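What follows draws every value from the coordinates through simple rules; no lab data is involved. Quantities reported herein were computed from a predicted structural model and do not represent experimental measurements. FYI the Cβ positions are ideal-geometry reconstructions off the backbone, even for glycines, and counts take in every protein chain you see.
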Amino acid sequence: MGSNYNNYNNDPNRQRPRKRVSKQTLRRRQLGALCVIAFLVLLLVILVAKACSKDSDKGGDTTPTDATTTSTTTTVQQTEALTTVTTTTTKAAGANDSGFKLDKYSIYIDVGGMGIAYVQQYPEGSSEEDEVWSTSDAKIATVDAYGHVTGVSGGECYVTLSSRKDPSKEVMIKVTVTGPANTANSADGDKDTDNKGNNKTNDNEPQQLAEAPAPSKIQGEGYHYEGDVLIVNKTYSIPASYNPGALDPTCNEWFNKLVQGASRDGINIFLSSGFRSYGYQEGLYNTYAANDGVAKADTYSARPGHSEHQTGLAIDVNEVSDLFIGTPEAQWIEDHCWEYGFILRYPKGKQDITGYKYEPWHIRYVGYDMSKKIHDRGGITLEEYFGLTSQYQS
Ligand SMILES: [Zn+2]
């Protein structure tokens, strides 16, 4: 092309070629101008679309030529808005497309009370074993590994059920706890404004904690007490009818203090299993016994009526399996739970005495008097302390 062009310029008869050149140039210019205009229009469209997306819901007031582009943008934007709304709704508890279906999406309980939302349907490929429960605020309500929700202090929070197999599948339940809000609990680690009103330092924490009282005694027949301490092991059971429905309130209160104390040390402790009814334990034990045989099941699961969890005074924390052994959390529990009135109920190497293998996750509330005695004697067991056996009669 370039050489042709030069030829034209060298042509003596420049009239015609000149005209042709100018026509071409004109066409080019026109094309260029068109391009610029098109570009400007496109720019305008983009700007308008952007302006629209910043506003809530207006669009379509642009030139007809660009209607397609604009409406597409608006649709995308509206879809985004819809998605946001859906996500927000899901967050606000209720049924969604997670695949979970529950019998209810809100729970109303009192402080110390227990509630449960039953799962009626699981996401495809998931089952009961894949349930993962968590709470948005353990100061208001805790939830154990089985979905038992326990009211801690007045307020609202959310309990989430998700699938271990696919954590993106989750459903939320709104929990409303009626009762006094625990203001002491809401204070952060550095602000220890407790009821005593003392300007205490973190150093003398255990002295303040020395107040963890013994839980109140259960009245009636069929309970074995040593002093203030209720004994439940393989030798001593409690009646099937004993069903407080939740953790003992004192135990619950001091567990929350323990959680906060751990948090101050940068350790995350949470409740995995608290109160378990006779019926629930029966189902649990029977399943284990069917799978592993009675002898094996007896080493890690209590027969119904023989579980400390039925007393509302025992808590399994964090990972309820051997994976918990040797973790910083397990170490913290072993070192500090006594400060909050708890003891490690099934210490290492005491299987012949307690009847259970090492369970660093299972703690038992006894109150500070007793927990300190146990601690001072090197973390011995209740069986050793009181000279008791732990053996099934049959
Ligand atoms: Zn346990």
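Over all other residues within a Cβ to Cβ distance under 12 Å of S162, the charged ones net out to -1, with Lys and Arg as +1 and Asp and Glu as -1.
Checked against a 31 Å cut-off, the cross-linked pairs K101/K139; K139/K296; K174/K357; K257/K373; K169/K234; K101/K296 give Cα-Cα distances beyond that limit for K139/K296; K174/K357; K169/K234; K101/K296.
With the cut-off at 1.5 for a/c, could you classify region 200-327 from its C-alpha gyration tensor as rounded, prolate or oblate? Here region 200-327 falls in the oblate category. Label-to-label distance, A95 versus K165, with points set 7 angstrom from Cα along the beta-carbon direction: 2.2 nm. Placing R0 at 22 angstrom, the Cβ-Cβ distance between K217 and Y392 gives a FRET efficiency of 0.30 after rounding to 0.05. Arranged from fewest to most other beta-carbon atoms within 10 Å of their beta carbon, E226, E359 become E226, E359. With all pairs of different C-alpha atoms in the average, the Kirkwood value for the hydrodynamic radius of region 95-149 is 12.2 Å.
A simple spin-label model places pseudo-atoms 7 Å from Cα toward Cβ; at E156 and A289 they are separated by 4.5 nm. As a proxy for reagent exposure, L102, L313, L382 were ordered by neighbouring Cβ count within 10 angstrom, fewest first; the result is L102, L382, L313.
Computed on the Cα trace of region 101-183, the radius of gyration divided by the Kirkwood hydrodynamic radius gives Rg/Rh = 1.00.
Applied to region 230-240, the Karplus parametrisation 6.51 cos²θ - 1.76 cosθ + 1.60 on θ = phi - 60° returns per-residue 3J(HN,Hα) values of 6, 9, 10, 8, 6, 7, 10, 10, 10, x, 4 Hz, with x for Gly and Pro.
The trypsin sites (Lys or Arg not before Pro) of region 148-180 that DSSP puts in a loop, and whose beta carbon has at most 13 other beta carbons within 10 Å, are R164. Extending 7 Å from the Cα toward the beta-carbon at both K373 and Y105 defines two label points whose distance is 5.2 nm.
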